[in-house]
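Novice: Pasting a structure here, questions to come.
The values are calculated or read from the model by the stated rules, or taken from the named source; none is laboratory data. Every value quoted in this text rests on a predicted model; they were computed, and no experiment measured them. Virtual Cβ from ideal backbone geometry, glycine too; neighbours counted across all protein chains shown.
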Ligand code: NAD
């Protein structure tokens, strides 16, 4: 074997089972914590209240004000509430926004997080935090924000509408795609990435047909776990850079933007990343030579968005995103040029298919 790599494993404790929400007190015992503040978005406040009720005196309270991209004021208030209620831990029940709030609390207080993911975004497996202040999103890596425990309960995803499930699943796949050609990829990451994409791609049609199909929800959440672990362990490239600009600067919705852009970035990179191309061809099925086209066809068949214009982006914004992406160089298998990037974004904006290579 001629491969060379460095693999630095992150600690991860995962409890995966239908109904595992009921095991939260056991997880608290395992971590040696007494009183947890339960975090959620306003939309999931009933679920948070249910969790707090089931924990009884071990719930310090509920803070159901998590919002997309973690505004710094919300993080500050949550930290104060945790302190006032004498919480020694947080339980984040929800998607990336809620887990992100837990991370913002941990960044300053080091309170351990138990994450209970209800989407496929994957934040629970990463030491990446994000905070938004005056309309600008800052991100960083810090091991203090990596959840101490992750409880995956597929039953909690039954309520995730089919259309959001699809875009969330493609958001998860994006982590795996970029991990496969990351400068710090490794054989174990490739295995996780390939199986993560395979699991998600196989589960999505069944979820569309019946969002309460438990077997499909289990498969998808298993895939999301693997893809999230890929994100936590590697450096992301062009795709995540573009989506950061689309979300942070243009305020486009997170998972739908990932869904539109991913096939185009894959098409841009697949010739320069033959191992990634082979792994994704196998995971997605279809024509061996063209995983980008296969992915675009699947996304269309799943009824998900294929155009940035339809997500609210203006044609003039293409140049803004190009400038922002080019302003800070980063690793990418195919060199990123102004011409190449403009072509890529113009196709993604107009809803055109990625070029066959
Ligand atoms: P989200 O957490 O914003 O959730 C979207 C909406 O769906 C919310 O209203 C939420 O309450 C609702 N929801 C979540 N699960 C549900 C369920 N099972 N049933 C019904 N409704 C449900 O969306 P997201 O896509 O999970 O997360 C996006 C955010 O996470 C972005 O801010 C992104 O930057 C961040 N993120 C961070 C990382 C990281 O590693 N730091 C990784 C991925 C995403």
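Novice: Give me a count of the residues in the range 266-316 that are part of a helix (DSSP H, G or I), surrounded by 15 or more Cβ atoms within 10 Å (Cβ to Cβ) and in contact with a helix residue (DSSP H, G or I) (Cβ under 8 Å, 6 or more places away or on another chain).
Specialist: Residues meeting the conditions: 20.
Novice: I'm checking my understanding of the structure. Among residues of the range 121-136 that are touching a residue at least 60 places away in the same chain (Cβ under 8 Å) and more than 11 Å from the ligand (Cβ to nearest atom), which one is surrounded by the fewest Cβ atoms within 10 Å (Cβ to Cβ)?
Specialist: Filtering the range 121-136 for residues that are touching a residue at least 60 places away in the same chain (Cβ under 8 Å) and more than 11 Å from the ligand (Cβ to nearest atom), the one surrounded by the fewest Cβ atoms within 10 Å (Cβ to Cβ) comes out as 136.
Novice: Now for a different question. From 207, 242, which residue is modelled with pLDDT of 95 or more and under 30 Å from residue 16 (Cα atoms)?
Specialist: 207
Novice: Might you check whether a residue that is within 7 Å of the ligand (Cβ to nearest atom) and either under 26 Å from residue 170 (Cα atoms) or assigned to a helix (DSSP H, G or I) (or both) occurs anywhere in the range 105-115?
Specialist: Looking for residues that are within 7 Å of the ligand (Cβ to nearest atom) and either under 26 Å from residue 170 (Cα atoms) or assigned to a helix (DSSP H, G or I) (or both), one finds none in the range 105-115, hence no.
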